[in-house]
1. Using 0.36 nm per residue of separation minus the Cα-Cα distance, give me the extension gain between Ala68 and Ala148 in nm, one decimal.
2. Stretch Thr169-Thr208 to full length: gain in nm at 0.36 nm per residue minus the Cα-Cα span?
3. For Arg76 and Asp58, calculate 0.36 nm times their separation in residues minus their Cα-Cα distance, and state this gained length in nm to one decimal.
4. Once phi is turned into ³J(HN,Hα) by the Karplus curve 6.51 cos²θ - 1.76 cosθ + 1.60 with θ = phi - 60°, what whole-Hz value does each residue of region 69-74 show in order, with x for glycine and proline?
5. Can you sort Thr208, Thr11 by how many other beta carbons sit within 10 Å, fewest first?
6. Amide H neighbours of Leu107 under 5 Å, at least 5 residues apart or on other chains, H built in the peptide plane: list them.
7. Fewest to most neighbouring Cβ within 10 Å: what's the order for Tyr46, Tyr69?
8. Non-local amide H neighbours of Arg10 (under 5 Å, H modeled in plane, Pro and chain starts lacking H): which ones?
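Nothing in this text is a laboratory measurement; each read-out follows from the coordinates by a stated rule. Everything numeric in this text was worked out from a predicted model, so none of it was measured. Here the Cβ is made from the backbone with ideal geometry for all residues, glycine too, and neighbour counts use every protein chain on show.
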Amino acid sequence: MNKTAVAYFRTSSATNVGLDKDSLKRQQDAVRSYAASTGIEIVCEYYDAAVSGADALDSRPGFSEMLAYMLGNGARTILVESASRFARDAIVALTGHEYLKKQGIELIPVDAPTHFTEDGPTAKMIRTILAGVSAFEKDALVGRLRKARERKRKINGRCEGNPAWQPVTADVRSIAHDLAREGLGLRRISTELARRGMRGPSGKPYSTSSIQAMLRRPL
């Protein structure tokens, strides 16, 4: 059984789009020739016209459609004329390739099939930069969360743990007695108190034993 793949084509400028232009035809010829020589069957072709090579992959209609097909149990290999047809921006190319690898998708530029599997100095440098950016963003997020907690403590006196609870005051007992006189059982009284924002120390609705103790105490 032959290996299956999809073909992805892209032109950057609208001036290179049209039946009288050779950009798409040149890409198709290169990809189809490689597929024929390697025994790969192209099952679908996708094309992004007038889309920059620096654009994020998820902003490209043709690429997004292709990825949706592939992630729905389609072919697991993408053929492109060259690495620059996939993306001209180095970070877009490498992050995009890393994402595809995680999805189990192989990317092959037919003019240099091992381009994305070679571990060259540029790839290493960009991976190092991306790892540093990821660590910076994580540290920044931790710092923002810490400052948010400190602000909340200044306002509320607390920020962690269960929500503040309503003490068992005479008012809480009075409402519990009123609900009991209306014929509500212990569980329904607890539910109604919770709905009104009156809860036990754990932040959960009062237990039935707590409601029973309230009802036993005189108002």
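1. 25.0 nm
2. This chain segment gains 12.3 nm when fully extended.
3. Length gained between Arg76 and Asp58: 4.7 nm.
4. Along region 69-74, the couplings run 5, 5, 6, x, 6, x Hz.
5. Thr208, Thr11
6. Here Ile78 satisfy the definition.
7. By the 10 Å Cβ count, ascending: Tyr69, Tyr46.
8. Result for Arg10 returns Asp48.
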